[in-house]
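> Dropping the structure in here first, questions after.
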Amino acid sequence: VQLQAYGGGLVQAGGSLRLACAASTDTFSRRAIGWFRQAPGKEREFVATIRISGGTTYYADSVKDRFTISKDAAKTTIYLQMNSLKPDDTAVYYCASTNGPLSMWRDITAYNYWGQGTQVTVSS
C-alpha cells in the first residue's frame, strides 16, 4: 500500500488549489482514502474522506461547501479541490488509507497507511 500526496503551494486567501494523492493499485482495494491536515503546533485533524467503492464522501464541518474530495479509479488517484481558501487552512496535508468501519472514518487512528505531506500555505 503506497500513497503519495502532491499539489501543495502558496495561494492567496480566497484562492483555490487542488491536491492529488496517487495511490497504488492495492490501496484502491481498501475501503476509503482520506485527507488530514496538521497546522503548526496543532494536532492532525480530519478533512475529508471518500469511500473507494461507490464514492460516498464525508467532510469536516470546517471545510464543507468549500472543499471537494473525488476519485479517479483509472488513475488510482484521489483529489482534494480546495476553494475559498482561508489562512486557517494553512497546514501540511496528508492522504491516508483505511480498512476500518465507517464509524471510524473521521478518526485518525482508523488510518494505517499514510503518504508524505504536502504543504499548503494561504496568505492573507
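The values are calculated or read from the model by the stated rules, or taken from the named source; none is laboratory data. Note that the structure is a prediction, hence the values are computed from the model and not measured. Positions of Cβ are generated from backbone atoms using ideal geometry, with glycine treated the same way; all protein chains shown enter the neighbour counts. These accessible areas exclude ligands, DNA and RNA; they are computed on the full protein's heavy atoms, side chains included. Shrake-Rupley method; radii C 1.70, N 1.55, O 1.52, S 1.80 Å.
> Among the residues of the stretch 1-37 satisfying the criterion of being in contact with an Asp or Glu (Cβ under 7 Å, 6 or more places away or on another chain) and modelled with pLDDT of 95 or more, which is nearest to Pro101 (Cα to Cα)? Give the derivation first.
Filtering the stretch 1-37 for residues in contact with an Asp or Glu (Cβ under 7 Å, 6 or more places away or on another chain) gives 1, 36-37.
If we keep only those that are modelled with pLDDT of 95 or more as well, we get 36-37.
Details: Phe36: 18, Arg37: 21 Å.
Once the filter is applied, the top-ranked residue is Phe36.
> Kindly indicate whether Thr77 is under 13 Å from the mean Cα position of the chain (by Cα) and either closer than 24 Å to Gln2 by Cβ or of a type in the set (A, V, I, L, M) (or both).
Values: under 13 Å from the mean Cα position of the chain (by Cα): yes; either closer than 24 Å to Gln2 by Cβ or of a type in the set (A, V, I, L, M) (or both): yes.
Judged against the criteria, Thr77 is a match.
> Considering only residues that are assigned to a strand (DSSP E or B) and open to solvent by 60 Å² or more (accessible area, probe 1.4 Å), look in the stretch 1-37 and name the one that is nearest to Asn83 (Cα to Cα).
Going through the stretch 1-37, the residues assigned to a strand (DSSP E or B) turn out to be 3-6, 9-12, 17-23, 32-37.
Cutting the leftovers down to open to solvent by 60 Å² or more (accessible area, probe 1.4 Å) gives us 4, 6, 10, 12, 18.
On the way: Gln4: 22, Tyr6: 17, Leu10: 13, Gln12: 11, Arg18: 9 Å.
The residue in question is Arg18.
> So, in the stretch 23-50, how many residues would count as being more than 16 Å from Gln119 (Cβ to Cβ), among the β-branched types (Val, Ile, Thr) and touching a strand residue (DSSP E or B) at 6+ places or on another chain (Cβ under 7 Å)?
Counting residues in the stretch 23-50 that are more than 16 Å from Gln119 (Cβ to Cβ), among the β-branched types (Val, Ile, Thr) and touching a strand residue (DSSP E or B) at 6+ places or on another chain (Cβ under 7 Å) gives 4.
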